[in-house]
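The values are calculated or read from the model by the stated rules, or taken from the named source; none is laboratory data. Since this is a predicted model, take the numbers as computed values, not measurements. For neighbour counting, all protein chains shown are included, and Cβ atoms are generated from backbone atoms with ideal geometry for every residue, glycine included. With ligands, DNA and RNA removed, areas are computed over all heavy atoms of the protein, side chains included. Shrake-Rupley method; radii C 1.70, N 1.55, O 1.52, S 1.80 Å.
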Amino acid sequence: MQYDRYMGLDYGNSRIGIAFSDLSGTIATADSIYKCRGEEEDIAFLTGLAKSKEVRHIVIGLPLNADGTESEMSKRVRDFGQKLFDKSQIEIFYQDERYTSFEAEEYLKEARIAWEKRKALLDKVAAQIILQNYLDERK
């Protein structure tokens, strides 16, 4: 059986939020937060995780400026994505991530989750939103 599983990443300097789609590539679910340890180790970890989950596509949130132009961080994300592709050979897509952290924060507030707990969940929920937006747009 052919699966179409995606992994979503909310890339940051110190943490990476991780989400996965269901096997049909329809619904995104927040998974975990990875604490960065250095680019080479981070890429090795994410490659291993993607392969263990039989991921066929990786979607990375692309931080754009409010006007839609690329930022300095966008270049770093694309560089990271290229290195991740080089190591994993898994197709990489980029998804506009403007306002996803705000959206994740609002979602967690509405769920009445305390600030300390929200802070701990924010990156993986942002990854879920990034991935779900990508999945919804590709339909």
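Out of the residues in the range 24-41 that are open to solvent by 20 Å² or more (accessible area, probe 1.4 Å) and in a loop (DSSP other than H, G, I, E, B), state the one that is nearest to Tyr99 (Cα to Cα). Before you say what the answer is, go through the steps one by one.
Start the filter on the range 24-41 by keeping residues that are open to solvent by 20 Å² or more (accessible area, probe 1.4 Å), which leaves 24, 26-27, 29-33, 35-41.
Imposing the further condition that a residue be in a loop (DSSP other than H, G, I, E, B) reduces the set to 24, 26-27, 36-38.
Working: Ser24: 26, Thr26: 22, Ile27: 20, Cys36: 23, Arg37: 26, Gly38: 27 Å.
Looking at the filtered set, the residue picked out is Ile27.
Is there any pair linking a residue in the range 53-73 that is under 9 Å from Met7 (Cα atoms) to one that is assigned to a helix (DSSP H, G or I) and open to solvent by 20 Å² or more (accessible area, probe 1.4 Å), with Cβ under 6 Å and at least six apart or on different chains, and which?
These pairs meet every condition: Val59/Tyr134.
Asp4 passes all but one of (1) closer than 18 Å to Asn133 by Cβ; (2) more than 15 Å from the chain's Cα centre (by Cα); (3) exposed (fewer than 14 other Cβ atoms within 10 Å of the Cβ); which number fails?
Of (1) closer than 18 Å to Asn133 by Cβ; (2) more than 15 Å from the chain's Cα centre (by Cα); (3) exposed (fewer than 14 other Cβ atoms within 10 Å of the Cβ), only one is false for Asp4: (3).
Report yes if Arg15 is more than 16 Å from the chain's Cα centre (by Cα), more than 21 Å from Leu135 (Cβ to Cβ), open to solvent by 10 Å² or more (accessible area, probe 1.4 Å) and not small (Gly, Ala, Ser), otherwise no.
On the way: more than 16 Å from the chain's Cα centre (by Cα): no; more than 21 Å from Leu135 (Cβ to Cβ): yes; open to solvent by 10 Å² or more (accessible area, probe 1.4 Å): yes; not small (Gly, Ala, Ser): yes.
No, not satisfied.
Considering only residues that are on the phi > 0 side of the Ramachandran plot and either touching a Lys or Arg at 6+ places or on another chain (Cβ under 7 Å) or of a type in the set (D, E, K, R) (or both), which ones fall in the range 8-46? Quick ask: steps written out before the conclusion?
To start, the set of residues in the range 8-46 that are on the phi > 0 side of the Ramachandran plot comprises 25, 38.
Once the filter is applied, which keeps residues that are on the phi > 0 side of the Ramachandran plot and either touching a Lys or Arg at 6+ places or on another chain (Cβ under 7 Å) or of a type in the set (D, E, K, R) (or both), the range 8-46 yields only Gly25.
Applying the selection to the range 74-102, what residues are assigned to a helix (DSSP H, G or I), at pLDDT 95 or above and not hydrophobic (A, V, I, L, M, F, W, C)?
So the first thing to find is which residues in the range 74-102 are assigned to a helix (DSSP H, G or I), and the list is 74-88, 100-102.
If we keep only those that are at pLDDT 95 or above as well, we get 74-88.
Of everything in the range 74-102, those that are assigned to a helix (DSSP H, G or I), at pLDDT 95 or above and not hydrophobic (A, V, I, L, M, F, W, C) turn out to be Ser74, Lys75, Arg76, Arg78, Asp79, Gly81, Gln82, Lys83, Asp86, Lys87, Ser88.
If Leu131 satisfies every condition in (1) closer than 24 Å to Ile27 by Cα; (2) surrounded by fewer than 20 Cβ atoms within 10 Å (Cβ to Cβ); (3) in contact (Cβ under 8 Å) with a residue 40 or more places away in the chain but one, which is the exception?
(2)
Just to verify a result, which residue in the range 79-127, among those that are touching an Asp or Glu at 6+ places or on another chain (Cβ under 8 Å) and of a type in the set (Lys, Arg), is farthest from Gly17 (Cα to Cα)?
The qualifying residue farthest from Gly17 (Cα to Cα) is Lys83.
Which of the residues that make up the range 42-73 are surrounded by 15 or more Cβ atoms within 10 Å (Cβ to Cβ), small (Gly, Ala, Ser) and not in a helix (DSSP H, G or I)?
Within the range 42-73, Gly61 is the sole residue that qualifies.
When residues of the range 80-106 are filtered for being out of contact with any strand residue (DSSP E or B) (no Cβ under 8 Å at 6 or more places or on another chain) and of a type in the set (Phe, Trp, Tyr), how many remain?
Count: 2.
Within the range 88-111, take every residue that is open to solvent by 30 Å² or more (accessible area, probe 1.4 Å), within 19 Å of Glu70 (Cα to Cα) and hydroxyl-bearing (Ser, Thr, Tyr) and give me the one that is nearest to the chain's Cα centre (by Cα).
For the range 88-111, the residue satisfying everything is Tyr94.
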